[in-house]
Structure formats: structure tokens, C-alpha cells
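Q: This structure is in C-alpha cells; I'll ask about it shortly.
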Amino acid sequence: MTQPATDPIAITKAIFHQAPFVADIGYELTRVEPGFVETRLTVKKRHCQHHGFVHAGVQATMADHSAGCAATTLLDPGQAVLTAEFKINLLRPAKGDALVCRARVLKPGRTLCVAESDVFAVSDGTETHVSRTVVTLSVVTIPEGG
């Protein structure tokens with residue numbers, strides 16, 4: 001049985017890779033629940049900065065997009081979220097075979113949502129917490145056909 005297009009979980013899954021920049025980086029959606037999303041990235045050389053650590057921009061994009069998807073799971077049909085602000089704390093250099101991001105909605109709202117994303121570097125099956133991001137998202141109405 002397929003989920004109807006009005007189901008926020010189904011909508012989140014459908015739109016995850018519609019952002020060309022996000023698809024180009026290579027993030028995967030691994031878990032979706034109401035108010036929660038987990039994503040994964042297999043780290044390639046192109047994701048790293050000059051010292052071989054995963055670039056802060058890769059972590060920030062992962063955290064931001066995952067938070068937006070977590071918020072999307074709680075929206076009404078015809079709504080979307082746009083990032084209004086985010087702050088990332090880079091806790092330690094990110095080095096590993098993969099990154100995993102777990103994003104959860106802290107405060108849903110009619111006009112603003114607040115979410116938090118934790119990014120972990122995975123090396124030999126061990127996760128190391130490398131960044132935490134708090135994201136404020138504006139809830140907007142998407143015009144018909146938009």
C-alpha cells in the first residue's frame with residue numbers, strides 16, 4: 001500500500017533529493033519518523049578540506065537539510081520550511097568513512113520551528129560526535145504548483 005501524497009513522512013521521503021546541491025553531495029536518507037530524520041554520507045575525498053578532515057560546509061549542509069526534513073515530517077500539506085538561521089558548533093575534526101546526522105524537532109510551530117542536528121563521524125563502526133547545529137526554520141505556504 002502506498003502512502004498518500006498528503007502524508008508528511010511520504011512527502012519528506014519524496015523531496016529529500018529534490019535539492020540539486022544536496023543530491024550532488026551524496027547524502028542518503030536512512031530513517032524518517034515524525035519530528036526525526038537520520039541521514040548518512042559516505043565520505044569521499046571531495047568532501048574533505050586540505051588536512052583531510054570533512055569540510056565544515058559539508059557538515060553544515062547535512063545538519064541544515066536534515067533539520068529541515070525533520071521539520072517537514074510535522075507540516076500540513078501545502079507547507080514547507082526554509083532556514084531562517086542556524087548555528088553550528090564544530091566539536092572536533094571530522095575524520096572517518098562516513099558521517100551520520102540525527103536531526104530532531106525541538107519546538108514545532110505555526111510560523112517557526114526549532115530543530116537540532118547532531119553529526120557523527122563513523123570510523124570502523126565507532127561514532128564520534130563532531131558537530132551540533134541548532135536550526136530555526138520558517139514555515140511557509142507553497143503556492144499551488146510550486
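Q: Does any residue in the stretch 118-146 that is at positive phi come within less than 9 Å, Cβ to Cβ, of a residue that is modelled with pLDDT of 95 or more six or more places away or on a different chain, and which pairs are these?
A: As it stands, the answer is D124/G96; D124/D97, since those pairs meet every condition given.
Q: Hey, could you check the stretch 8-53 for residues that are part of a helix (DSSP H, G or I) and touching a His at 6+ places or on another chain (Cβ under 8 Å) and say which is modelled with the highest pLDDT?
A: Among those residues, the one meeting the criterion is H47.
Q: Of a type in the set (D, E) and surrounded by 12 or more Cβ atoms within 10 Å (Cβ to Cβ): which single residue out of D24, D7 fits that description?
A: Matching residue, one of D24, D7: D7.
Q: Is it the case that some residue within the stretch 46-54 is surrounded by 14 or more Cβ atoms within 10 Å (Cβ to Cβ) and either touching a residue at least 60 places away in the same chain (Cβ under 8 Å) or more than 22 Å from A23 (Cβ to Cβ) (or both)?
A: yes
Q: Could I ask something else about it? Please name all residue pairs, on different chains or six or more residues apart, with Cβ atoms under 6 Å, provided the first residue is in the stretch 9-24 and is over 23 Å from D76 (Cα atoms) and the second residue is assigned to a helix (DSSP H, G or I).
A: V22/H65
Q: Further, regarding this structure: Within the stretch 64-91, how many residues turn out to be farther than 16 Å from A14 by Cα and touching a Lys or Arg at 6+ places or on another chain (Cβ under 8 Å)?
A: Here the count works out to 3.
Q: Working only within the stretch 43-63, note down all residues that are over 20 Å from I15 (Cα atoms) and among the β-branched types (V, I, T).
A: Scanning the stretch 43-63 gives V43, V54.
The values are calculated or read from the model by the stated rules, or taken from the named source; none is laboratory data. In this text the structure is predicted, and so the values were computed from the model without any measurement. For neighbour counting, all protein chains shown are included, and Cβ atoms are generated from backbone atoms with ideal geometry for every residue, glycine included.
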